[in-house]
Amino acid sequence: MELVMERMPELKIPASSSTTTTPTTVEHEIRQYDWSPDIGWGHVLGNADDHLRCLAACTAASIGVANIAAAVNVQDWASLARSPASTMSGGTLVEEPICAISAAGDDSKGLRLFHLLMAAADALSMDQKNRELARVILVRLRELASPTGALGIERLASHFTDAIQSLLDSSTCPRRGDIDQIPHQHRHPTDVSLTAFQLLQHMSPCVSFCYLTANQAILEAISGERRVHIVDYNISEGVQWASLIQAISSGFTGFAHPPPLLKITAVTNGSRRSSAVAHEAGRRLSAFAASIGQPFSFRLCRLDCGRKFQPTSVKVVKGEAVVFNCVLHQAHLQHGSAVSVMSFLEGAAAIEARVVTVVEEEGGDGSSAAGEKEVGFAGRFMDEVKRYIAVWDYLEAGFPMQGMVRQMVERVILGPGIAGAVRRAYERHVCGDRARDGCAEWLATSGFDRVALSFFNLSQARLLLGLFQSGFHIDEDAPNKLTLRWKSRRLLSASVWVFPPPKSSSPSSAF
């Protein structure tokens with residue numbers, strides 16, 4: 001029996017807020033601003049399992065929707081936080097400038113922070129003597145920037161300052177993908193991470209865009225299957241799969257046949273921390289699946305000592321529809337070196353996966369953020385500054401008054417994302433880790449075929465943006481690829497692929 005997509009949960013539209021009261025705690029602020037009563041914010045203050053159930057409800061609800069200035073310059077950094085509406089001219093989108101977070105009278109401070117950050121990055125990319133210069137620059141940056149500053153530009157600069165400081169404090173090149181290299185201040189309890197994740201999901205379409213687009217492609221690929229096996233490269237807290245579990249289970253509500261057996265194999269880098277995070281995600285997913293009657297199993301597999309994926313580490317049962325999922329975004333990417341990612345995608349071909357879903361960050365020029373660029377550390381650092389200027393800009397445009405909530409999201413999600421992005425840029429510079437091309441480009445040249453996205457999937461993505469402030473746009477880069485951008489800045493893309501089965505040989509025709 002095929003999945004009945006029309007029976008998925010209906011859409012719940014979040015409510016916006018315009019109050020200017022300043023609460024004293026995050027919990028008070030959530031209640032004070034009355035954020036989306038349909039989401040059930042009581043769960044935000046509960047335990048991790050409650051968070052997962054709530055996140056699944058929010059994301060899966062959106063699945064039901066379809067069922068009915070590229071370069072940043074100094075002026076951008078110092079400009080006012082004003083979000084001009086998108087305009088159409090002769091059917092063509094007029095590019096909107098990305099505005100940094102500042103305030104009237106603080107342009108000069110923004111310029112100083114910008115120049116100091118770039119000077120520190122330049123110093124760090126040179127010889128050992130310049131590391132001391134970088135330390136001196138950081139002292140000045142800390143005088144101007146603060147993670148709890150009233151201005152967004154101060155908080156943004158503070159996170160980049162911390163990222164550079166972390167590199168200076170490392171005497172040697174960090175082991176690639178080693179989560180234990182993440183500074184202690186960027187590690188948070190699961191409950192805190194899920195709370196921040198849920199808040200970010202309400203503030204930005206980025207998370208939902210990634211997961212909904214990938215999940216919809218997976219649902220369509222596994223329609224009619226009785227056994228489904230997902231191999232996930234970067235499971236993180238498992239939020240993506242909570243919504244898929246609910247979608248699959250909802251599709252079979254009221255039918256005699258049970259939903260298909262779903263098995264998830266999470267890839268870990270072998271470290272104790274990575275395995276513990278994945279194991280906890282599996283425990284929560286198992287409990288959630290059991291609570292709604294979805295047959296489910298979970299297991300782990302490790303990358304080898306060279307951080308490569310080995311197809312033999314995945315136990316595939318005859319009759320399973322295998323799906324490979326690869327989500328590459330900075331905040332929680334634990335083992336995303338070029339060699340590791342490519343070995344995982346090669347494994348999809350070896351196992352003959354039914355479908356491969358890829359989510360990755362995009363460069364502002366339309367290339368993958370991971371694309372090969374001979375720009376050195378300073379250039380890559382600048383690209384990350386551009387990216388997070390756009391993030392701060394859309395948060396300021398949509399939620400200018402939610403100070404405590406904003407700062408929690410910045411501290412728990414965005415701060416670690418900045419640290420990870422800067423660390424990986426530095427690894428490529430110092431440790432000789434050659435920057436990979438974008439996964440989509442690599443797949444296209446490695447024998448994979450594009451799987452066209454359905455009209456259903458495209459409509460879902462476009463309607464999702466209607467829940468958020470103007471300024472977000474969807475670009476159809478290819479039949480199998482959608483890209484989310486904020487104004488003129490490309491943020492994330494989702495694409496769907498398949499490795500064609502070998503052609504069966506047939507006897508030649510007799511003449």
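We did not get these values from a lab; they are worked out from the coordinates using the rules stated. Everything numeric in this text was worked out from a predicted model, so none of it was measured. Please note: Cβ atoms are built from the backbone with ideal geometry, for glycine as well, and neighbour counts cover all protein chains shown.
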Item to check | Theoretical FRET efficiency, 1/(1+(r/R0)^6), r = Cβ-Cβ of residue 446 and residue 115, R0 30 Å, to 0.05 | outcome: 0.10
Checklist entry - How many nm separate the modelled label positions at residue 126 and residue 475, each set 7 Å beyond the Cα in the direction of the Cβ? => result 3.5
Item to check | For residue 452, residues with placed amide H under 5 Å, excluding near neighbours | outcome: none
